[in-house]
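Input: a single structure, listed below in C-alpha coordinates.
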Amino acid sequence: MRNADRRDAILAAALEVFAQRGYGGASMSEIRVAAGASTGSLYHHFPTKEHIAAALVLDALADFHGAFLAVLDRAGDDARAAIEGGVRAYLEWSEAHRREARLLVVEMDAAVAAAAGDRLRDANRSFFAAVDRWTRARIEAGQLRELPPPVLHALWMGPASQLARNRLTGRPSEPVDGLAGALAAGAWRALAP
(Lines give C-alpha, C1' and ligand atoms only; values in the text may rest on other atoms or scores of the structure.)
Protein backbone atom coordinates (compact mmCIF):
# COMPACT_ATOMS: atom_id res chain seq x y z
CA MET A 1 0.00 0.00 0.00
CA ARG A 2 1.30 3.46 -0.89
CA ASN A 3 2.20 5.82 1.93
CA ALA A 4 -0.67 8.23 1.13
CA ASP A 5 -3.13 5.33 0.90
CA ARG A 6 -1.99 3.98 4.29
CA ARG A 7 -2.40 7.43 5.84
CA ASP A 8 -5.90 7.72 4.37
CA ALA A 9 -6.78 4.24 5.64
CA ILE A 10 -5.63 5.17 9.13
CA LEU A 11 -7.70 8.36 9.07
CA ALA A 12 -10.80 6.53 7.81
CA ALA A 13 -10.41 3.87 10.49
CA ALA A 14 -9.87 6.49 13.18
CA LEU A 15 -13.02 8.34 12.14
CA GLU A 16 -14.97 5.09 12.47
CA VAL A 17 -13.43 4.25 15.87
CA PHE A 18 -14.06 7.79 17.13
CA ALA A 19 -17.67 7.53 15.97
CA GLN A 20 -18.16 4.25 17.83
CA ARG A 21 -16.23 4.95 21.02
CA GLY A 22 -15.90 8.72 21.13
CA TYR A 23 -12.58 10.46 20.75
CA GLY A 24 -11.80 10.08 24.45
CA GLY A 25 -12.65 6.38 24.49
CA ALA A 26 -10.62 5.43 21.42
CA SER A 27 -7.09 4.09 21.60
CA MET A 28 -4.21 4.02 19.14
CA SER A 29 -4.32 0.22 19.30
CA GLU A 30 -7.99 0.15 18.24
CA ILE A 31 -7.26 2.52 15.39
CA ARG A 32 -4.27 0.43 14.27
CA VAL A 33 -6.34 -2.76 14.23
CA ALA A 34 -9.26 -1.10 12.42
CA ALA A 35 -6.87 0.30 9.79
CA GLY A 36 -5.06 -2.99 9.35
CA ALA A 37 -1.81 -1.10 9.90
CA SER A 38 1.36 -2.17 11.60
CA THR A 39 2.41 -0.37 14.74
CA GLY A 40 5.37 1.12 12.89
CA SER A 41 3.18 2.36 10.06
CA LEU A 42 0.66 3.93 12.43
CA TYR A 43 3.31 5.79 14.41
CA HIS A 44 5.19 6.76 11.24
CA HIS A 45 2.14 8.71 10.11
CA PHE A 46 0.76 9.86 13.46
CA PRO A 47 2.77 9.98 16.68
CA THR A 48 -0.35 10.31 18.86
CA LYS A 49 -4.12 9.98 18.81
CA GLU A 50 -4.25 13.77 19.04
CA HIS A 51 -2.36 14.04 15.75
CA ILE A 52 -4.84 11.70 14.07
CA ALA A 53 -7.77 13.74 15.36
CA ALA A 54 -6.01 16.97 14.36
CA ALA A 55 -5.61 15.71 10.78
CA LEU A 56 -9.30 14.80 10.68
CA VAL A 57 -10.29 18.17 12.14
CA LEU A 58 -8.17 20.10 9.64
CA ASP A 59 -9.59 18.14 6.70
CA ALA A 60 -13.15 18.60 7.97
CA LEU A 61 -12.63 22.29 8.62
CA ALA A 62 -11.28 22.84 5.10
CA ASP A 63 -14.31 21.05 3.67
CA PHE A 64 -16.77 23.03 5.80
CA HIS A 65 -15.04 26.35 5.12
CA GLY A 66 -15.13 25.64 1.40
CA ALA A 67 -18.83 24.78 1.48
CA PHE A 68 -19.70 27.90 3.48
CA LEU A 69 -17.64 30.28 1.36
CA ALA A 70 -19.14 28.77 -1.79
CA VAL A 71 -22.56 29.88 -0.53
CA LEU A 72 -21.29 33.45 -0.18
CA ASP A 73 -19.78 33.31 -3.67
CA ARG A 74 -23.00 31.98 -5.22
CA ALA A 75 -25.10 34.60 -3.45
CA GLY A 76 -22.97 37.43 -4.76
CA ASP A 77 -24.51 40.71 -3.67
CA ASP A 78 -27.73 39.11 -2.39
CA ALA A 79 -27.15 39.46 1.34
CA ARG A 80 -30.34 37.66 2.29
CA ALA A 81 -29.50 34.63 0.11
CA ALA A 82 -26.05 34.47 1.67
CA ILE A 83 -27.21 34.83 5.28
CA GLU A 84 -29.97 32.26 4.90
CA GLY A 85 -27.80 30.02 2.71
CA GLY A 86 -25.00 30.11 5.27
CA VAL A 87 -27.33 28.82 7.97
CA ARG A 88 -28.58 26.06 5.71
CA ALA A 89 -25.04 25.17 4.63
CA TYR A 90 -23.92 24.88 8.26
CA LEU A 91 -26.80 22.57 9.14
CA GLU A 92 -26.61 20.54 5.94
CA TRP A 93 -22.85 20.06 6.27
CA SER A 94 -23.20 19.00 9.92
CA GLU A 95 -25.85 16.44 8.99
CA ALA A 96 -24.00 15.10 5.95
CA HIS A 97 -20.70 14.86 7.84
CA ARG A 98 -21.89 13.88 11.31
CA ARG A 99 -18.68 12.11 12.34
CA GLU A 100 -16.47 14.98 11.29
CA ALA A 101 -18.86 17.56 12.73
CA ARG A 102 -18.85 15.73 16.05
CA LEU A 103 -15.06 16.04 16.18
CA LEU A 104 -15.25 19.75 15.36
CA VAL A 105 -18.24 20.76 17.46
CA VAL A 106 -18.40 18.34 20.37
CA GLU A 107 -15.14 16.48 20.94
CA MET A 108 -12.43 18.97 20.07
CA ASP A 109 -10.16 19.40 23.06
CA ALA A 110 -7.05 21.40 23.84
CA ALA A 111 -4.70 18.51 23.03
CA VAL A 112 -6.18 18.12 19.53
CA ALA A 113 -6.02 21.88 18.97
CA ALA A 114 -2.39 21.85 20.12
CA ALA A 115 -1.57 18.99 17.73
CA ALA A 116 -3.17 20.94 14.87
CA GLY A 117 -1.13 23.94 15.95
CA ASP A 118 -0.73 26.90 13.67
CA ARG A 119 -2.59 25.16 10.83
CA LEU A 120 -5.84 25.30 12.83
CA ARG A 121 -5.35 28.91 13.82
CA ASP A 122 -4.40 29.89 10.26
CA ALA A 123 -7.37 28.04 8.73
CA ASN A 124 -9.82 29.76 11.06
CA ARG A 125 -8.14 33.14 10.67
CA SER A 126 -8.32 32.89 6.88
CA PHE A 127 -11.94 31.76 6.93
CA PHE A 128 -13.14 34.49 9.28
CA ALA A 129 -11.17 37.12 7.36
CA ALA A 130 -13.02 36.10 4.18
CA VAL A 131 -16.38 36.13 5.97
CA ASP A 132 -15.58 39.49 7.55
CA ARG A 133 -14.61 40.99 4.16
CA TRP A 134 -17.91 39.77 2.74
CA THR A 135 -19.97 41.12 5.66
CA ARG A 136 -18.07 44.45 5.75
CA ALA A 137 -18.89 45.02 2.07
CA ARG A 138 -22.58 44.28 2.72
CA ILE A 139 -22.64 46.54 5.78
CA GLU A 140 -21.08 49.37 3.77
CA ALA A 141 -23.67 48.80 1.02
CA GLY A 142 -26.46 49.07 3.61
CA GLN A 143 -27.48 45.42 3.15
CA LEU A 144 -26.63 44.31 6.70
CA ARG A 145 -26.80 45.92 10.13
CA GLU A 146 -23.64 47.47 11.51
CA LEU A 147 -22.58 45.08 14.26
CA PRO A 148 -19.23 44.03 15.72
CA PRO A 149 -18.04 40.85 13.95
CA PRO A 150 -18.41 38.60 17.02
CA VAL A 151 -22.02 39.71 17.48
CA LEU A 152 -22.79 39.37 13.79
CA HIS A 153 -21.30 35.84 13.74
CA ALA A 154 -23.24 34.84 16.85
CA LEU A 155 -26.55 36.10 15.49
CA TRP A 156 -25.87 34.48 12.13
CA MET A 157 -24.59 31.07 13.18
CA GLY A 158 -25.22 30.76 16.91
CA PRO A 159 -28.67 29.14 16.73
CA ALA A 160 -27.60 26.79 13.89
CA SER A 161 -24.50 25.84 15.84
CA GLN A 162 -26.58 25.04 18.93
CA LEU A 163 -29.03 22.95 16.92
CA ALA A 164 -26.16 21.04 15.30
CA ARG A 165 -24.56 20.47 18.72
CA ASN A 166 -27.86 19.17 20.12
CA ARG A 167 -28.29 16.76 17.23
CA LEU A 168 -24.66 15.60 17.40
CA THR A 169 -24.95 14.86 21.12
CA GLY A 170 -28.13 12.86 20.70
CA ARG A 171 -30.61 15.36 22.07
CA PRO A 172 -33.85 14.84 20.23
CA SER A 173 -35.06 17.46 17.83
CA GLU A 174 -37.03 17.70 14.65
CA PRO A 175 -35.17 16.86 11.45
CA VAL A 176 -32.85 19.67 10.37
CA ASP A 177 -34.67 20.23 7.11
CA GLY A 178 -37.78 21.14 9.08
CA LEU A 179 -35.89 23.69 11.19
CA ALA A 180 -33.37 25.15 8.77
CA GLY A 181 -35.87 27.52 7.16
CA ALA A 182 -36.94 29.00 10.49
CA LEU A 183 -33.34 29.47 11.68
CA ALA A 184 -32.31 30.95 8.32
CA ALA A 185 -35.20 33.40 8.39
CA GLY A 186 -34.40 34.30 12.00
CA ALA A 187 -30.77 35.00 11.14
CA TRP A 188 -31.87 37.27 8.31
CA ARG A 189 -34.30 39.16 10.57
CA ALA A 190 -31.50 39.64 13.12
CA LEU A 191 -29.03 40.96 10.56
CA ALA A 192 -31.19 42.82 8.05
CA PRO A 193 -30.81 46.62 8.12
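Quick check for you: which residues of region 150-193 have the amide N under 17 Å from the point 7 Å beyond the Cα of residue 77 toward its beta carbon?
193
If you fit an axis through the alpha-carbon atoms of helix 149-168 and take the longest principal axis of the Cα set of the chain, what angle between them do you get, 0 to 90°, nearest 10?
50
Taking Cα atoms, how many degrees apart are the long axis of helix 176-191 and the longest axis of the chain, rounded to 10 and kept between 0 and 90?
Compared with the principal axis, the helix lies near 50 degrees.
Take the alpha carbon atoms of region 107-155, find their center, do the same for region 6-49, and report the distance between the two centers in whole angstrom.
For region 107-155 versus region 6-49, the Cα centre distance is 31 Å.
Can you give me the solvent accessible area of residue 8 with a 1.4 Å probe, rounded to the nearest 10 Å²?
Residue 8 exposes around 90 Å² with every protein chain in place.
Quick one: accessible area per residue over the chain, 1.4 Å probe, rounded to a whole number of Å²? The partial results should precede the final answer.
On the way: 9570 Å² over 193 residues.
Heavy-atom SASA per residue in the chain reads 50 Å².
With label points built 7 Å along Cα→Cβ from the Cα atoms of residue 63 and residue 96, find their separation and express it in nm.
1.0
On average, how much area does the Cα convex hull of region 1-144 cover when viewed from any direction, in nm²? Kindly include the intermediate steps, with their values, before the conclusion.
Details: hull surface 37.2 nm².
Its average projected convex-hull area is 9.3 nm².
May I ask for the percentage of alpha-carbon pairs in region 111-193 that lie more than 20 Å from each other? Can you show the working numbers first?
Details: 1693 of 3403 pairs.
Every Cα pair in region 111-193 considered, those over 20 Å come to 50 percent.
Counting only the heavy atoms of the protein chains, how much of residue 128 is accessible to a 1.4 Å probe, in Å² to the nearest 10?
Accessible surface of residue 128 is approximately 80 Å².
Roughly how many percent of the accessible protein surface of region 5-144 is carbon and sulfur, given a 1.4 Å probe and a whole-percent answer? Walk me through the numbers on the way to the answer.
Numbers: 3270 of 6510 Å².
Carbon and sulfur together cover 50 percent of it.
The values are calculated or read from the model by the stated rules, or taken from the named source; none is laboratory data. Bear in mind that the values here come from a model prediction, so they are computed numbers and not experimental data. Glycine also receives a Cβ, built like all others from the backbone with ideal geometry; neighbour counts cover every protein chain displayed. Surface accessibility is based on the protein's heavy atoms, side chains included, excluding ligands, DNA and RNA. Shrake-Rupley method; radii C 1.70, N 1.55, O 1.52, S 1.80 Å.
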